[in-house]
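Heads up: the structure comes next, in structure tokens.
The values are calculated or read from the model by the stated rules, or taken from the named source; none is laboratory data. Remember, it's a predicted structure, so these values are computed and weren't measured experimentally. Heads up, the Cβs are rebuilt from the backbone with ideal geometry, glycines too, and the neighbour counts pull from every protein chain shown. Ligands, DNA and RNA are stripped out before the accessible areas are found, and what is left, the full protein with its side chains, is counted by its heavy atoms. Shrake-Rupley method; radii C 1.70, N 1.55, O 1.52, S 1.80 Å.
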Amino acid sequence: MRIGVYSEVGPLQRVVVHNPGPEIVRMTQFELEHLLFDDILAPDLASQEHEAMCEILASEGAEVEEVADLLEAALRNAPPEEVADFTARVADRAGYPSLAPLLRDMGAERLTRALIEGLMWEEIPDAPLTVARLRQQFDGHATIALQPVPNLMFTRDPCISVFDHVMVGRMATDARARESLMTRFALTFCEEEPPPMLLRQPDWGRHRALRAIEGGDVLVISPEVLLIGCSERTTAQTIQRAAEESLFPAFPQLQSVYAVLMPALRSVMHLDTVLTQIDHELFLGFAPMIADGDGVAVVRLQRDAPPQLEDGVTVLDVLRRELGEGVRLVPCGGHGDVRRQQREQWTDGANAVCLGPGRILLYSRNVHTIRTLRDDHGFKTIEHTAHVHPATRRDVLRAARGHRRVVYTFDGSELSRARGGGRCMTMPLVRAVAS
């Protein structure tokens with residue numbers, strides 16, 4: 001499997017997604033906090049919105065891969081001992097090691113569904129009775145043997161394409177731990193040759209602070225520069241460990257890894273909730289943090305040197321230092337009104353995914369962000385909705401081809417409630433070199 005991501009803006013050629021499905025249905029209000037959601041989503045509408053996003057990706061020439069298909073292919077292709085090891089790790093992380101042989105013998109299609117959608121005890125009548133299961137019955141939550149993974153639609157986080165490698169994510173919460181196991185296994189065995197991987201080996205025995213890094217925090221600025229958010233989900237210790245143990249040794253061309261120290265808040269859970277690149281010298285971001293430095297500091301890591309606090313330097317200053325003084329920031333939520341900027345940052349107005357230089361995708365609800373892109377930076381707005389005839393949708397997408405800068409908008413009334421935008425829901429595998 002070829003991996004090639006040397007910037008955030010190279011034309012997107014191959015990308016992994018996951019359309020939310022039955023795993024959303026199996027989530028009730030009682031699991032919201034544990035599963036990292038603020039509300040229950042309407043599954044059919046969320047799926048339709050996701051399909052609209054994927055149509056946009058495909059219209060720009062990207063090969064769109066469903067992670068469930070890659071996982072099922074991997075389960076068919078992998079040697080039996082690898083499947084046994086994988087299912088043992090899944091069962092162990094679920095807290096029920098005795099499930100391992102039952103999972104191993106399910107077959108690829110059924111096991112793929114179980115890993116994503118979850119598994120009820122009634123679906124596996126041969127499962128042995130254990131003290132843990134009896135305790136679950138005593139607490140009144142005796143139905144689920146394997147929790148669903150509703151966050152899998154945010155494919156950006158569990159595996160991270162960095163140059164020609166994949167860095168295996170270390171999920172900060174137990175609710176998402178299975179995602180990195182699944183994605184790592186899928187990418188390793190879905191095709192004949194696995195991609196080279198960083199942080200490949202499981203390290204559950206290490207302190208949690210040394211194993212928490214998610215893809216939403218990693219921005220590939222250039223072959224020489226990475227930005228990594230030190231956030232609610234990615235720790236300072238893991239950033240330094242990844243840089244020293246993996247990134248600098250693997251990539252001789254890499255000069256600097258900048259750790260962006262952010263508040264550990266759900267509202268800014270990843271760096272890409274406040275900053276994404278949308279053209280060669282154009283970024284979309286939450287201006288109070290990125291341009292003004294409110295609550296944010298920057299640490300520079302370089303090869304064979306101690307970390308250095310960049311005193312008085314903002315993230316925008318760093319971008320201009322590395323990419324040139326021509327770098328500009330488009331303020332999420334528009335200019336001036338901080339409360340409006342805060343509102344649209346919350347609804348992923350800064351979380352754009354770049355399909356090519358100056359060609360991006362955003363939720364249509366972020367009206368002030370979109371207006372600023374249009375009026376100040378020459379973006380043509382292409383509104384795309386799943387609720388019209390397919391032929392009409394194709395005509396709308398074709399209309400975008402003649403414009404240099406385009407912001408595709410799609411309705412994300414359900415998806416945005418899950419706290420993730422277009423960048424969160426896409427894991428690029430290959431980008432062409434941006435011209």
- Query: Of all DSSP beta bridges located in region 188-263, what percent are antiparallel, nearest 5?
  - Reply: 40 percent
- Item | With Cα atoms, 0 to 90° folded angle of helix 367-377 axis to the chain main axis | 40 degrees
- Rounded to one decimal in nm, the spacing of the 7 Å Cα→Cβ label points at ALA434 and THR173 is 3.1 nm
- Using only Cα atoms, find the angle between the long axis of helix 80-94 and the longest principal axis of the chain, and express it within 0 to 90 degrees, rounded to the nearest 10. 80 degrees
- Note on the structure: Note on region 221-294: alpha-carbon gyration tensor, axes a ≥ b ≥ c; rule is a/c under 1.5 for rounded, else prolate if a/b larger than b/c, else oblate; result oblate
- R0 of 45 Å, Cβ-Cβ distance GLU325-GLU82: FRET efficiency to nearest 0.05: 0.35
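Rounded if a/c is under 1.5, else prolate if a/b is larger than b/c, else oblate: which is region 167-217, with a ≥ b ≥ c the root eigenvalues of its Cα gyration tensor?
prolate
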- Item | For the chain: accessible area per residue (Å², 1.4 Å) | 40 Å²
- Message: Averaging over every viewing direction, what projected area does the convex hull of the Cα atoms of region 172-306 cover, in nm²?
- Response: 9.5 nm²
- Taking K and R as +1 and D and E as -1, what net charge do the other residues with C-beta under 12 Å from the C-beta of ARG321 add up to? -3
- Hey, quick one: spin label on HIS280, modelled 7 Å out along Cα-Cβ, who in region 409-435 has an amide N within reach, i.e. under 17 Å? 432-435
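Calculate, in nm to one decimal, what ARG401 and ASP317 gain on full extension: separation in residues at 0.36 nm each, minus their alpha carbon distance. Don't skip to the end; give the middle numbers.
Values: separation 84, 0.36 × 84 = 30.24 nm, distance 3.34 nm.
Length difference between fully extended and current span is 26.9 nm.
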- Query: What number, rounded to the nearest 500 deg cm²/dmol, is the helix-based mean residue ellipticity at 222 nm of the chain, given -39500 (n - 2.57) per DSSP H run of at least four residues and division by all its residues?
  - Reply: -8500 deg cm²/dmol
- Message: How many angstrom lie between the Cα centre of region 280-301 and the Cα centre of region 47-115?
- Response: 36 Å
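With the contact rule set at Cα under 8 Å and sequence spacing of 6 or more, what percent relative contact order holds for the chain? It would help to have the intermediate numbers written out before the result.
On the way: 926 pairs, mean separation 95.2, N = 435.
Worked out over the chain, it gives 22 percent.
Of all accessible surface on the chain at a 1.4 Å probe, what whole percent is carbon and sulfur? Each step should come with its number before you reach the end.
Numbers: 8580 of 17290 Å².
Here it works out to 50 percent.
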- Note on the structure: So, relative contact order of region 290-435 in percent, Cα under 8 Å, 6 or more apart, is 21 percent
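Quote the FRET efficiency, to the nearest 0.05, computed for ARG2 versus PHE138 with a Förster distance R0 of 60 Å and r equal to the Cβ-Cβ distance.
Values: r = 51 Å, r/R0 = 0.85.
FRET efficiency, ARG2 to PHE138: 0.70.
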- Query: Using a Gaussian network for the chain with springs between C-alpha atoms less than 10 Å apart, which of these wobbles most: ALA108, ALA100, ALA132?
  - Reply: ALA132
- Where nothing but the Cβ of Lys and Arg (+1) and of Asp and Glu (-1) is charged, how large is the charge dipole of region 268-375 around its Cα centre, in debye to the nearest 20? 400 debye
- Query: Separation of region 362-426 and region 216-251 by C-alpha centroid, Å?
  - Reply: 30 Å
- Query: With axes computed from alpha carbons, what is the tilt in degrees of helix 67-77 against the longest principal axis of the chain, rounded to the nearest 10 within 0 to 90?
  - Reply: 50 degrees
- Note on the structure: The answer for the net charge of residues other than LEU284 whose Cβ lies under 14 angstrom from its Cβ, with Lys and Arg +1 and Asp and Glu -1, is -1
- Item | Separation in nanometres of the label points that stand 7 Å from Cα toward Cβ, at ARG206 and GLN255 | 2.8 nm
